[in-house]
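**Student:** One structure follows; several queries about it will come next.
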């Protein structure tokens, strides 16, 4: 009996090791969306697609991550809260539409009821996209280079990984969010959008403007301080 328990425990440990090996690196506690992407990446046909959604940085030999910066936690918390609300509204609207469809009403009204369910459905996909954006924005400093993972502006839902030689970033500028909602969160937490540029400033009569900058949204003040220390320290 003890031999059987030992064998089962060993099988369980090996299975756990295999499952952990399939999860994205650099994340000690992968989120649900990261686990889903990692699981789908097991299938060869879906692997290129999943790598485009949540790119996993390719580390060089003896390369280690020293610092990783993501968007402010309130971005994820707000998106999760909205996701829960929208999911509840979507389920309620589907149940309501199904019940109303059973009533003796005109086909036009029945179609209108089902059309109404598209609103929470669109909201559902929007909140999922906002959660995905949180995990797509990543700034990593390793002992050899800088790695930036950012959403692809030409393909919604996908992201690209950019690898920079250490010390190439010339400008770290901060700015308020263009969104009134996230600007309110920034006013309460001190977070700011961070503009990273390789080219520097362009001086104009009305002021200075960052040339060709990448805008990293909603970075907490302590992370901004760490970033400035890394780039200029």
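**Student:** Would you mind getting the Kirkwood hydrodynamic radius of region 90-140 from its Cα pairs, rounded to one decimal in Å?
**Tutor:** Hydrodynamic radius (Kirkwood, Cα pairs) of region 90-140 is 12.8 Å.
**Student:** When 101, 197 are ordered from fewest to most other Cβ atoms inside 10 Å of their Cβ, what list results?
**Tutor:** The most exposed by this proxy come first: 101, 197.
**Student:** Note the full-extension length gain between residue 111 and residue 232 as 0.36 nm times their separation in residues minus their Cα-Cα distance, in nm to one decimal.
**Tutor:** The span from residue 111 to residue 232 would gain 37.5 nm if fully extended.
**Student:** For the residues 125, 83, 108, what sequence is obtained by ranking on other C-beta atoms within 10 Å, fewest first?
**Tutor:** Going from sparsest to densest Cβ surroundings: 108, 125, 83.
**Student:** Now for a separate question. Could you line up 146, 100 from fewest to most neighbouring Cβ atoms inside 10 Å?
**Tutor:** With the sparsest Cβ surroundings first, the list reads 100, 146.
**Student:** Using the per-residue mean of other Cβ atoms lying within 10 Å as a proxy for protection, in what order, highest first, do the peptides 62-69, 136-143 fall?
**Tutor:** 136-143, 62-69
**Student:** Which of rounded, prolate, oblate describes region 134-190, given a ≥ b ≥ c as roots of the alpha-carbon gyration tensor eigenvalues and a/c under 1.5 marking rounded, otherwise prolate only if a/b is larger than b/c? Write out the running numbers ahead of the final one.
**Tutor:** Values: a/c = 2.41, a/b = 1.42, b/c = 1.70.
Taking the square roots of the gyration eigenvalues as a ≥ b ≥ c, region 134-190 is oblate.
Laboratory data are not the source of any read-out in this text; all were calculated from the coordinates shown. Keep in mind the model is a prediction, meaning the values are calculated, not measured. Cβ sites come from the backbone with ideal geometry, for glycine too, and all protein chains shown count toward neighbours.
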